[in-house]
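Colleague: I have a structure I would like to understand better, so I am pasting it below and will then ask my questions one at a time.
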Amino acid sequence: MWVRRVSALARAAFCSQSGSPAGLSSASSPREEGGCREKVTLELLDHLEHLALVDFRDQEGVERLQKAIEFADQLHSINTDGIQPMDSVLEDRCLYLREDKVTEGNFAEELLKNANQTVEEYFVAPPGNIPLPQLEDRDTFLQKKKPEAEDLP
Amino acid sequence: MAAPTVSRCRSWFQTGSFGVRNVAQVRWRKSLVGASTLRGSASKTTAEKNCDAPWTAVVGLEIHAQICSNSKLFSGSQVKFAAPPNSLVSFFDASLPGTLPVLNRRCVEAAVTTGLALNCTINKKSLFDRKHYFYADLPAGYQITQQRLPVAVNGSLSYSLCVGKNQNEMVSRTARIRQIQLEQDSGKSLHDDARGQTLVDLNRAGVGLMEVVMEPDMCCGEEAAAAVRELQLILQAIGSSQANMAEGQLRVDANISVHHPGQPYGVRTEVKNINSARFLAKAIDYEIQRQVNELENGGTILNETRAFDFRLGCTIAMRDKEGKQDYRFMPEPNLPPLILYDAKSLPTRTCHHQVVNIDQLREKIPDLPSVKRAKLVERYGIQPLHSFTLVNEDGLMEFFETVVTATQMNPRKVIGWILKDMLGYLKQHNLVVEESPVSPLLLAELLNLLESGMISSSAAKQVLEIMWNGEGKSPALIVKEKKLELIQDQNELEHICRAVMDSHQKEVAEIKKGNQKVLNKLIGQVQRTTGGRSDPVSVKQILEKQLSLQPRKKTP
């Protein structure tokens, strides 16, 4: 579960262009031999946490993320010059069109069986989107690391 | 789907609707006079200097229209308003694992027809994308939309609005349409603040929407409201959407900014989910004025999303979407490109259920509102302004045409009764045409009584009032019961006229001095005496005759 989430995040990080180099000085093994390798910056981590509503929690989480990005970065070694990107292996197939007929529905009870909590025939969710608190107020290791980084001479 | 500011600026200068801009400038400035005088000379800032310059507002709309279809865009569950919660949900709509989207042909046709009606270029190949965001009523965590290559592009919407002191002058405008894209609707959330929870109903999740993205070619709330009304009429005419704002079938987002003419555009805000025709113009004008006031007072405009509060009549910043959104668009891997055909490119070997033929859809488009109006003007000789009212009010055109076919009265006279009397009553009682207690056939009967000289026009108005409040009695019966028939007996009329003249010697003398205008007063007096049962034309003749018979008459 955890791994799947991180790899999904890695994909997001992959597309992300937040280029500010204010890196985590303590981020895991900043091996520089790859050259174009993207470091997990504090801003990037913050952005990802907001998007995914996930708290990376500790150093280990960040290391996993870094590794996932490195793993995905291997794709960059393939030369794709002049090649049309492929959306899907089905992209040259015909898109099937359905008749406008009602064929499904009327099984609220069965559907709601999967839900953790329900009220009458409704799903129950937390109120609105709960935004992550501002970085300063967040109880994460990101925040704890920050003063340490500043402590360095 | 907001475009970068640069391209918006460019598009503004292409339109060149300078007339409109001037109107807006005057307006925003006028309302500013109060604000600037209030501030006095306490702060001589740059804002102070600028406040002499007028402000220009730029308004662009994004409109979501719910497609009128039996089933949803990608699943076979029903589309219906106000059904029991979660009763119209398939496994796909709830995004259970292993489900796949299957595109509804009807939704594609609706979008193509809408594109054609709005003069768009239809893309023979369009693509689907995923737009990601987290919300409880979006179970998949993404919405399938058309970001890269939408189904229709580069269209235009022509609309008209009333200007001038008495709102009796029509001007026409055109707003360009950037694109029309197919996308899924989300579910609905009911926020229960007391218990700190959100109730989610997925009945609406996956319903087909057409998002119509317009260029920022408008400059005030009134223009935007007129454009939305015209779009609504077009969608209803072609049947691609019922476009009922009260049921959320037409939702409007407005991008708004203000700037001084000749200067770059200001920072824009987005007013989301304006779901009321009545408040559309108000919400936009409020936001324009808010931005002007903010800038006049040395403040800045934030690029933010705001909501219009109908009760407070103002826009407020929305809380939970702070910061820049990152939608992480990606191609929808489960849907190959959507290919459309025309008569020339029609494939011979594919099953015809699988082919959407653009040319065939074009042929099926019925009369659009603009054509309907032109035909009304041509067929009945009524004013263009009146044709707008007839088409704008739901069912009024049909009402008018039914009356016209059932009466001998000239349509140009009928239109007055429809627009002034009938519509007046309807507005006064806050009813729609369909709910009118007076049917078109009964009104036609009344107008026939008037036309045949049975009753006077003032008596006809009395009868209409009784019909409006009555219990469906025929006009002829009401006339009989209330004795409203015109006095046909010439002797009786002459007798009444004589009596009126006798009791109004002063006026008679005036007329004899040559002041013919006073004659109208006498006619009115006769009308009053007869309770509106005399024909003014014959009364006039009788009076003139009697006046000329009297001695000492001065010839003018």
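Colleague: By how many nm would the segment from B:Ala83 to B:Asp489 grow when fully extended, if each residue of separation counts as 0.36 nm and the alpha-carbon distance is taken off?
Modeller: Result for the pair: 139.7 nm of gain on full extension.
Colleague: At 1.4 Å probe size, with no ligands or nucleic acids counted, give the accessible surface of B:Ser240 in Å², nearest ten.
Modeller: 0 Å²
Colleague: Can you give the average number of partner chain beta-carbon atoms within 10 Å of each beta-carbon in peptide B:361-372, as a whole number?
Modeller: Averaged over the peptide's residues, the number is 0.
Colleague: Which percent of Cα-Cα pairs in the range B:319-382 sits in each 10 Å bin, short to long?
Modeller: 14, 22, 18, 20, 20, 6
Colleague: Keeping all protein chains in position, work out how much accessible area A:Arg93 exposes to a 1.4 Å probe, and write it in Å² to the nearest 10.
Modeller: A:Arg93 has an accessible surface of roughly 150 Å² with all protein chains in place.
Colleague: OK, next. Kindly state, to the nearest 0.05, the FRET efficiency for B:Cys162 paired with B:Thr402, given R0 = 22 Å and r defined as their beta-carbon distance.
Modeller: Calculated transfer efficiency: 0.25.
Colleague: Sticking with this one: At R0 = 30 Å, how high is the FRET efficiency between A:Leu90 and B:Tyr327 if r is their beta carbon distance? Nearest 0.05 is fine.
Modeller: With R0 = 30 Å, the Cβ-Cβ based efficiency is 0.80.
Colleague: Something else: Leaving out ligands, DNA and RNA, and with a 1.4 Å probe, what % of the accessible surface on the range B:369-482 is carbon or sulfur?
Modeller: About 52 percent, which is the carbon plus sulfur part of the accessible surface.
Colleague: Measuring with a 1.4 Å probe in the full set of protein chains, what accessible area per residue, in whole Å², belongs to the range B:369-482?
Modeller: Value returned for the range B:369-482: 50 Å² of accessible area per residue.
Colleague: How far apart, in nm, are the 7 Å Cα→Cβ label points at B:Lys125 and B:Lys513?
Modeller: 9.1 nm
Colleague: For the range B:490-549, what is the accessible area per residue in Å² when the probe is 1.4 Å?
Modeller: Result: 58 Å² per residue.
Colleague: Another question, then. Might you report the magnitude of the Cβ-based charge dipole of the range B:164-272 about its Cα centre, with Lys and Arg at +1 and Asp and Glu at -1, to the nearest 20 debye?
Modeller: Details: 11 positive and 15 negative charges, 22 e Å.
Dipole of the range B:164-272, to the nearest 20 debye: 100 debye.
Colleague: Sticking with this one: Give me the distance in nm between label points sitting 7 Å out from Cα along the Cα-to-Cβ direction at B:Ser452 and A:Glu109, one decimal.
Modeller: 6.5 nm
Colleague: Moving on to the next point. Just round it to a whole percent: the fraction of Cα-Cα distances in chain B exceeding 36 Å. Present the calculation step by step, with values, prior to reporting the outcome.
Modeller: Details: 79033 of 154290 pairs.
Here the tail beyond 36 Å accounts for 51 percent of pairs.
Colleague: Ignoring ligands, DNA and RNA, how much accessible area is buried between chains A and B, both sides summed, with a 1.4 Å probe, to the nearest 100 Å²?
Modeller: Values: alone 12630 and 28600 Å², together 37240 Å².
The A and B chains share an interface burying roughly 4000 Å².
Colleague: Same structure, new question: Using a 1.4 angstrom probe and counting only protein chains, how large is the accessible area of B:Ser439 in Å², to 10?
Modeller: Near enough 50 Å² of accessible area.
Colleague: Let me know the mean shielding of B:71-81 by other chains, meaning the per-residue number of their Cβ atoms within 10 Å of its Cβ.
Modeller: 4
Colleague: In nm, what is the difference between 0.36 nm times the number of residues separating B:Ala246 and B:Asp502 and their Cα-Cα distance?
Modeller: 86.0 nm
Colleague: Between B:Leu96 and B:Asn154, 0.36 nm times their residue separation minus their Cα-Cα distance comes to what?
Modeller: 17.2 nm
Colleague: Quick one: what do you get for the range B:490-549 if you divide its Cα Rg by 2.2 N^0.38 Å?
Modeller: Here the Cα radius of gyration is 0.99 times the empirical estimate.
The values are calculated or read from the model by the stated rules, or taken from the named source; none is laboratory data. These numbers were taken from a predicted model, which means no experiment stands behind them. Reconstructed Cβ throughout: ideal geometry from the backbone, glycine too, with neighbour counts over all protein chains shown. Side chains included, ligands, DNA and RNA excluded: accessible areas come from the protein's heavy atoms. Shrake-Rupley method; radii C 1.70, N 1.55, O 1.52, S 1.80 Å.
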